[in-house]
Amino acid sequence: MSAFDDWLSAQARQREDAGLTRRLVIRHPAEPMIDLAGNDYLGLSRHPRVIAGAVAAAEEFGAGAGASRLVTGTLGIHDELERSLAEFTGFPSALVFSTGYHANLSAVSALVDADTLVVSDAHVHASMIDACRLGRALVQVVPHNDVAAVDAVLRARTQERALVLVETIYSVLGDAAPVAELAEVCSARGAVLVADEAHALGVAGVGGRGLLHAAGLCDRPDVVATLTLSKSLGAQGGAVLGSPAVREHLVNRARPFIYDTGLAPAAAGGALAALRVVEDEPARVERVNLVAAVLAVACGVDVPAGAVLAVPMPGPSEAVAAVEKAAGNGLRIGCFRPPSTPDGISRLRLTAHGHLDDSDLARAVEVLEGLL
């Protein structure tokens, strides 16, 4: 064996010894499992209107965009989706990407330079962490949801510009960021708030318009939002929302946008159709929040800000065992274990799904109460 093969084998042994080996498991659409692990919060990935929107876009524009957006890959479906996202969320403009990961990479890396300080909440998503590395600006990590710490770092900085990175609803703990207070600190200190609405769109705020909309922050030039099209909208892709100046800057400077093929037409068409469903059926948003509240009671945790519920477990082995036991009872849940958790605590991770009927919800509660 080569040194490279030896290294791969050693890495695999270390993962196995730590109980951290990840494996891909095929999910069959027709299998009789109640899903509380995926992020299809509103059940739109298989909604007839969403599927029809994806098919129609593929038939009109083809299977792929064919090129980067700056060559020939910008299509009418992209423009329509961007205008609709901006209108729905209340932001002046939007720019769509092939993934939510790329949206965060672009929003952060393109908005910093050597004279920028990035202040990052300790719990932000891996895509924001990677974006900081790509941007090469000085990064200061602050304790989770600590507005005073953000203010202190911004006040003491020597850099001319600053970005503050948060998730409006965090993907591990499911708690909300104090976006109104953070926006005021940013305004007072001459900083820009970049907030990831991935877990808020379609779930939080009036009609699922997100927490930035709920806080009245969408028309501020010092607030930038990122989001994904793959959770509540049931499709794939991502977007950055902000002022027209921010959009124009990203088109010209964001490497993950410039050098990537445009969002596939089917994904754009599906996301656009899903957005229309959310607008037309606000009861879906109400339902997912009701389901989240019921699940929270069953798990003995606080009602979450969105659809993500985090249930602390004694350790990684207990978390994995609980996931396996739930699966044996027809319930799919997930778990986070160190080093994937920001605070080193193993947790079950459940996601509320608004399309669960009452009988499936009752069965889920029964299984969860038997686990905890």
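Filter segment 327-347 down to the residues that are in contact with a helix residue (DSSP H, G or I) (Cβ under 6 Å, 6 or more places away or on another chain) and of a type outside the set (K, R), then identify the one that is farthest from L201 (Cα to Cα).
We begin by selecting, within segment 327-347, every residue in contact with a helix residue (DSSP H, G or I) (Cβ under 6 Å, 6 or more places away or on another chain); these are 329, 331, 333, 335, 337, 346.
Narrowing the set further to residues that are of a type outside the set (K, R) leaves 329, 331, 333, 335, 346.
Details: N329: 31, L331: 25, I333: 22, C335: 23, S346: 26 Å.
Looking at residues that are in contact with a helix residue (DSSP H, G or I) (Cβ under 6 Å, 6 or more places away or on another chain) and of a type outside the set (K, R), I get N329.
For segment 90-111, does any single residue satisfy the condition of being assigned by TED's automatic domain parsing to the domain that holds L263 and free of Cβ contacts under 8 Å to residues at least 60 places away in the same chain?
No; the residues of segment 90-111 include none that is assigned by TED's automatic domain parsing to the domain that holds L263 and free of Cβ contacts under 8 Å to residues at least 60 places away in the same chain.
Just for segment 341-372: of the residues that are buried (at least 16 other Cβ atoms within 10 Å of the Cβ) and of a type in the set (G, A, S), which one is farthest from the chain's Cα centre (by Cα)?
Only one residue tops the list, namely A364.
Could you list, in sequence order, all residues of segment 104-135 that are in a helix (DSSP H, G or I) and farther than 19 Å from L212 by Cβ? If you could, list the steps in order and put the result at the bottom.
Residues of segment 104-135 that are in a helix (DSSP H, G or I), as a first pass: 104-109, 126-135.
The answer is L105, S109, A126, I129, D130, C132, R133, L134, G135.
Take segment 57-103 and flag every residue that is out of contact with any His (no Cβ under 7 Å at 6 or more places or on another chain), under 30 Å from R133 (Cβ atoms) and assigned to a helix (DSSP H, G or I).
Selection gives H78, L81, E82, L85, A86, G100, Y101, H102, A103.
Of all residues in segment 333-349, how many are more than 15 Å from L372 (Cα to Cα) and not polar (S, T, N, Q)?
Residues meeting the conditions: 8.
Go through the residues of segment 28-45 one by one and say whether even a single one is of a type in the set (V, I, T), at negative phi and in the same structural domain as G174 (by TED's automatic domain parsing).
No, segment 28-45 contains no residue that is of a type in the set (V, I, T), at negative phi and in the same structural domain as G174 (by TED's automatic domain parsing).
Matching residues to (1) under 30 Å from G64 (Cβ atoms); (2) modelled with pLDDT of 95 or more; (3) among the hydrophobic types (A, V, I, L, M, F, W, C):
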| position | (1), (2), (3) |
| --- | --- |
| F91 | yes, yes, yes |
| D115 | no, yes, no |
| A122 | no, yes, yes |
| V150 | no, yes, yes |
| A156 | no, yes, yes |
| L163 | no, yes, yes |
| T168 | no, yes, no |
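Anything in segment 193-224 that is within 11 Å of the chain's Cα centre (by Cα) and either closer than 24 Å to R287 by Cβ or of a type in the set (D, E) (or both)? List them, or say none.
D196, E197, A198, H199, A200, L201 - these are the residues of segment 193-224 that are within 11 Å of the chain's Cα centre (by Cα) and either closer than 24 Å to R287 by Cβ or of a type in the set (D, E) (or both).
Could you list, in sequence order, all residues of segment 181-206 that are within 30 Å of A37 (Cα to Cα) and either in the same structural domain as S346 (by TED's automatic domain parsing) or surrounded by fewer than 18 Cβ atoms within 10 Å (Cβ to Cβ) (or both)?
Residue satisfying the conditions is V206 alone.
Filter segment 143-176 for residues that are in contact with a Ser or Thr (Cβ under 7 Å, 6 or more places away or on another chain) and either assigned to a strand (DSSP E or B) or in the same structural domain as A305 (by TED's automatic domain parsing) (or both) and give the result.
If the condition is that a residue be in contact with a Ser or Thr (Cβ under 7 Å, 6 or more places away or on another chain) and either assigned to a strand (DSSP E or B) or in the same structural domain as A305 (by TED's automatic domain parsing) (or both), then R161, A162, L163, L165, A176 are the ones that fit.
Determine whether I333 is out of contact with any Phe, Trp or Tyr (no Cβ under 6 Å at 6 or more places or on another chain) and closer than 18 Å to Y41 by Cβ.
Answer is yes for this residue.
What are the residues in segment 132-146 that are over 20 Å from E160 (Cα atoms) and crowded, with 17+ Cβ neighbours inside 10 Å, if any?
H144, N145 - these are the residues of segment 132-146 that are over 20 Å from E160 (Cα atoms) and crowded, with 17+ Cβ neighbours inside 10 Å.
Hey, can you tell me all the residues within segment 28-58 that are among the charged types (D, E, K, R) and surrounded by 11 or more Cβ atoms within 10 Å (Cβ to Cβ)?
Correct list: D35, D40, R46, R49.
The values are calculated or read from the model by the stated rules, or taken from the named source; none is laboratory data. None of these values were measured; they are calculated from a predicted model. Positions of Cβ are generated from backbone atoms using ideal geometry, with glycine treated the same way; all protein chains shown enter the neighbour counts.
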